[in-house]
Amino acid sequence: QLRVVESGGGLVQPGGSLRLSCAASGFSLDYYAIGWFRQAPGKEREGLSCITRDGGAIYADSVKGRVTISRDLAKNTVYLEMNSLKPEDTAVYYCAADYASYCSPYAPFHFDYWGQGTQVTVSS
């Protein structure tokens, strides 16, 4: 069964950093792209970044320079590091898998397998 599970969320002070993890099971990252998305209360889902099955990183303009996506093939896990966090970064963060050679954070509808999300709250 294909599954992705997010972890690493929590309460962070403004200006702080956080690393989210997306653990994949039932499939290999060698064949799937992984994307990171978030949704704040009352707002539409927003794409942040994705990493192709070849390891290529793609970032949305809204977060470019503040986030870094990476992966550990041995652990079958993708990470999203976020820096200079702001209160407006508060949201539920999701990762998702797409069986494709390319990905785009602007195309969430291409991603087939979604996790349950992890809450990130940026507040002092």
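Starting from the residue with the highest accessible area, list LEU73, LEU18 in decreasing order, probe 1.4 Å. Before the final figure, lay out the partial values.
Details: LEU73 85, LEU18 30 Å².
If we order LEU73, LEU18 from most to least accessible, we get LEU73, LEU18.
Hand me the chymotrypsin sites (Phe, Trp or Tyr not before Pro) from segment 1-82 located in a DSSP loop with no more than 16 other Cβ atoms within 10 Å, in residue order please.
PHE27, TYR31
Can you sort GLU6, GLU46, GLU88 by solvent-accessible area, 1.4 Å probe, largest first? Could you put the intermediate results ahead of the total?
On the way: GLU6 20, GLU46 55, GLU88 120 Å².
I get GLU88, GLU46, GLU6, largest accessible area first.
What Kirkwood hydrodynamic radius, in Å, does the chain give when the mean of 1/r is taken over all pairs of distinct Cα atoms and then inverted?
In the chain this quantity evaluates to 14.1 Å.
Would you look at the GNM of the chain, springs on alpha carbons closer than 10 Å, and say which of ASP98, ASP89, ASP112 moves the most?
ASP112
Below 8 Å, C-alpha to C-alpha, sequence gap of six or more: please give me the relative contact order for the chain in percent.
Relative CO of the chain lands at 37 percent.
Can you tell me which lysines have their Cα less than 22 Å from the Cα of LYS86? Leave out same-chain residues fewer than eight positions away.
Filter leaves LYS43, LYS64.
If you add up the charges near CYS95, with Lys and Arg at +1 and Asp and Glu at -1, over every other residue whose beta carbon is less than 12 angstrom from its beta carbon, what do you get?
Combined, the nearby Lys, Arg, Asp and Glu give +1.
Could you give the dipole magnitude of the chain about its Cα centre, charging the beta-carbon of Lys and Arg +1 and that of Asp and Glu -1, in debye to the nearest 20?
Result for the chain is approximately 180 debye, rounded to the nearest 20.
Of all the accessible heavy-atom surface of the chain, with the other protein chains kept in place and a 1.4 Å probe, what percent is carbon and sulfur?
Of all accessible area on the chain, carbon and sulfur atoms account for 46 percent.
The values are calculated or read from the model by the stated rules, or taken from the named source; none is laboratory data. Keep in mind the model is a prediction, meaning the values are calculated, not measured. Virtual Cβ from ideal backbone geometry, glycine too; neighbours counted across all protein chains shown. Areas reflect the complete protein model, heavy atoms only, side chains present, ligands, DNA and RNA absent. Shrake-Rupley method; radii C 1.70, N 1.55, O 1.52, S 1.80 Å.
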